[in-house]
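Colleague: If you scroll down you'll find the structure; I have some questions about it.
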Amino acid sequence: MKTIIFHILRTFRFIIVNGAKILSGLFTLGAVIAPFSDNAPETSMIIAWAVLAVLFGASAWYYDALLRKLEPTKSRNQEWS
């Protein structure tokens, strides 16, 4: 079962990890630039953007950690000699 889940998650890794990294970067950029703009949003909105940036960054990292945990191990009968 772990092998099936691993292959499904690995199939969508490029989209999910890169999407999370891009969103993390955009939220970080927004949280850094927004306070200095003329029409600055509320402080709670800027804090929410910073929290979302951290969450998206952590989810990109955790996705790879999950894949490493689910990665099938090579057994002796799978080796080609």
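Coordinate-derived values only; no laboratory data. This is a predicted model, so every value here is computed, not measured. Because the Cβ atoms are built from the backbone with ideal geometry, glycine has one as well, and the counts that use them run over all protein chains shown.
Colleague: Let me spell out the model: positive unit charges on the Cβ of Lys and Arg, negative unit charges on the Cβ of Asp and Glu, origin at the Cα centre of the chain. What dipole size does that give, in debye rounded to 20? Intermediate values should be presented prior to the final figure.
Modeller: Details: 8 positive and 5 negative charges, 126 e Å.
Rounded to the nearest 20 debye, it is 600 debye.
Colleague: For His7, what charge total do you get from the other residues with a beta carbon under 12 Å from its beta carbon, if Lys and Arg give +1 and Asp and Glu give -1?
Modeller: Values: positive: Lys2, Arg10, Arg13; negative: Glu71.
Net of charged neighbours comes to +2.
Colleague: Compute the acute angle (0 to 90°) between the alpha-carbon long axis of helix 13-33 and the principal axis of greatest extent of the alpha-carbon atoms of the chain; round to the nearest 10°.
Modeller: Computed tilt is about 20 degrees.
Colleague: Taking Lys21 as the anchor, which lysines have their alpha carbon closer than 29 Å to its alpha carbon, excluding any fewer than eight residues away along the same chain?
Modeller: Once the sequence-local lysines are set aside, what remains near Lys21 is Lys2, Lys69.
Colleague: Hey, of (i) 67, 17, 16; (ii) 57, 22, 15; (iii) 74, 37, 25, which did the structure itself give for Cα extents along the principal axes in Å when calculated?
Modeller: Evaluating Cα extents along the principal axes in Å on these atoms matches (i).
Colleague: Follow-up. How far is helix 2-11 tilted off the main Cα axis of the chain, in degrees rounded to 10, range 0 to 90?
Modeller: Value to nearest ten degrees: 50.
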